[in-house]
Amino acid sequence: MKLGFLVDLNLCMGCKGCEIACKVENEVPLSSWRLRVKYIDIGTFPDTSRSFTPLRCNHCENAPCERICPVSALHYLENGIVNVDSNRCIGCAGCMMACPYGAIYMDPETNTADKCTYCAHRIESGMMPACVVVCPVEANIFGDVEDDHSHISQYIMAHQGGVQVRKPEKHTDPKHYYVGGGTYTLDPLAHQRLEGHNLFTNITHLKHVGDPNHGVLDRFLAPFTSHGEHDNKSFMNFENNAHESHEQEGGH
């Protein structure tokens with residue numbers, strides 16, 4: 001058995017019900033996500049459209065996160081799911097840096113890595129992932145990709161030539177597939193802004209960032225120093241001037 005996931009982007013309407021179901025089911029903390037729905041706008045007015053793409057862990061057969069983990073906290077289950085053992089995780093964040101899909105986050109409460117596990121605890125009980133159950137248009141399809149009679153295998157066969165994965169050049173062999181939606185939603189470089197339709201049409205560049213002759217400490221000393229040399233007398237004058245101006249303003 002090799003479990004896989006497929007999203008029909010032609011059906012997804014961006015309701016984000018899967019996002020909410022995932023957070024509730026897995027108690028995902030605020031500012032973190034196991035599943036999020038990305039959207040992009042395509043075309044120019046008046047011929048425009050909006051495309052939605054649910055993003056989650058791809059459960060790669062050649063997962064770099066599993067290889068890099070020094071304590072085997074990320075490991076494969078017999079059904080092909082890349083699972084996380086929070087009791088073994090040491091919070092080194094190596095998996096976060098290795099994942100090319102940005103699908104792993106650090107839980108702020110446990111300081112351990114976490115991600116989508118296809119709701120492995122539900123699958124163990126014979127149930128479907130929460131995001132599959134909640135989808136009102138049945139855009140999420142889950143099942144055994146090695147079973148020719150499963151729903152996901154039949155869906156892949158019916159859409160031969162139109163099945164895509166994210167970042168195939170990484171050779172991670174992901175088990176998360178997409179149908180429809182074109183390349184714009186899966187390949188950021190395929191979507192280009194047309195001339196005259198940018199948010200900022202006049203783009204300039206800084207000659208340098210900050211003052212190359214000063215560090216962070218100089219920012220705090222700036223009220224007392226400048227580019228010229230000063231002695232204690234000039235420092236006392238600065239204090240007197242500041243005191244006089246403060247009294248003129250009615251200070252105490």
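Each reported figure results from applying straightforward, stated rules to the coordinates on display, with no laboratory input. Because the structure is a prediction, the values reported are computed rather than measured. All Cβ positions, glycine included, derive from the backbone under ideal geometry; neighbour counts span all protein chains shown.
Each residue of the stretch 17-24 is assigned a 3J(HN,Hα), and the resulting list reads x, 5, 4, 5, 4, 5, 5, 5 Hz, derived from the Karplus form 6.51 cos²θ - 1.76 cosθ + 1.60 (θ = phi - 60°), x at Gly and Pro. A protection proxy built from the mean count of other Cβ atoms within 10 Å ranks the segments 33-41, 2-10, most packed first, as 2-10, 33-41.
Projecting the Cα positions of M97, A73, C116 onto the charge dipole of the stretch 58-127 (unit charges on Cβ atoms of Lys, Arg, Asp and Glu, taken about the Cα centre) puts M97 furthest along the positive direction. Work through the residues other than P29 whose Cβ is under 15 Å from its Cβ and net out their charges, Lys, Arg +1 and Asp, Glu -1. Value of the local net charge: -2. Per the Debye formula with a single identical scatterer at each Cα and no solvent contribution, what log10 I(q)/I(0) holds for the stretch 49-149 at q = 0.20, 0.21 Å⁻¹? Reported log10 I(q)/I(0), two decimals: -1.09, -1.17. In order along the stretch 156-172, the Karplus-derived 3J(HN,Hα) couplings, from 6.51 cos²θ - 1.76 cosθ + 1.60 at θ = phi - 60°, round to 5, 5, 6, 10, 4, x, x, 8, 10, 10, 7, 6, x, 5, 7, 6, 8 Hz, and Gly and Pro are given as x.
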